[in-house]
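Below is one structure; the comments refer to it alone.
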Amino acid sequence: MKLPTLSLAVLVPSSVYAAALQPRHYTFPALTGTTDWQYVRTTVNYQSNAGLSDVTSDEIRCYTSSTKAAQTQVVAAGSSVGFKANPNIFHPGPLQFYMAKVPSGQTLDTWDGKGQVWFKIYAEQATTTGGQLSWASLNKGSVSVTIPKNTPSGDYLLRVEHIALHQASALNGAQFYISCAQIRVSGGGSGTPSPLVSFPGAYKATDPGIKVNIYSGSATYTPPGPAVWTG
């Protein structure tokens, strides 16, 4: 006797099936070991997890619609700070970290990071195997960066950025996943972070690190933005 064929919709609960069809996006909602949005400013995509594609938008700064996080985390200069990814980083592309010091006369509770104030402290480099580009951050559930030891003490925004490049061969196809944490650097040095850039302004949609076909067999890739300040 021939048995009836059951469809996927019958075998799998509708909620699970729908979730499987959704694109895999992610956020960086917390510093490692802390509560979601405790030290990280709530992002526009906190429910959708969707990436941002418009590098000319003010949201490219911190991907927020408001400025204040609940609290500020004290971090010693020279120590490591981690962000949780939720869910894991699902797309290939580089991880980058930036910092911006709160200007004199302003406070971290209300400052939005506007202006030529951002400096890069980390840029993930691609590896190449058989002409295929790849990045170690793929599938990571947490990522971290070391605050340069000579970073002056004070209040900062710490910006994590992952650029998903799986659709980046099309203009505005790259997806930016961004969060900003509020931190207070203690025990800092007398360094002068540079070069300083603004968001928006640091990137153009046509930059070779943003509009790029990572499946073309190219053996090289340079992340967008300024040089890394190592302190």
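Taken together, the values in this text are just the output of simple stated rules run on the coordinates, not laboratory data. Bear in mind that the values here come from a model prediction, so they are computed numbers and not experimental data. Neighbour counts run over all protein chains shown; Cβ positions are idealised from the backbone, glycine included.
Structure data summary
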| read-out | value |
| --- | --- |
| Simple spin-label estimate for residue 230 and residue 88 in nanometres, 7 Å along Cα-Cβ | 3.1 |
| Residue-wise HN-Hα coupling along segment 171-183, computed from phi with Karplus coefficients 6.51, -1.76, 1.60 (Hz; x: Gly, Pro) | 4, 6, x, 5, 10, 9, 10, 9, 8, 10, 9, 9, 10 |
| Residues in segment 193-231 reached by a label modelled at residue 114 [backbone nitrogen below 19 Å; 7 Å Cα→Cβ] | 197-203 |
| Lysine pair count for segment 24-186 [Cα-Cα under 18 Å; pairs on different chains or 8 or more apart] | 7 |
| Label point at residue 58 placed 7 Å out along Cα→Cβ; residues across segment 177-196 whose backbone nitrogen lies under 19 Å | 178-181 |
| Cβ-placed point charges (K, R +1; D, E -1), dipole of the chain about Cα centre in debye, nearest 20 | 220 |
| Förster radius 41 Å - calculated FRET efficiency between residue 220 and residue 150 (Cβ-Cβ, nearest 0.05) | 0.85 |
| Added length on full extension, which subtracts the Cα-Cα distance from 0.36 nm per residue, residue 194 to residue 36 | 53.8 nm |
| Cβ-derived FRET efficiency at R0 22 Å, residue 50 paired with residue 132, nearest 0.05 | 0.25 |
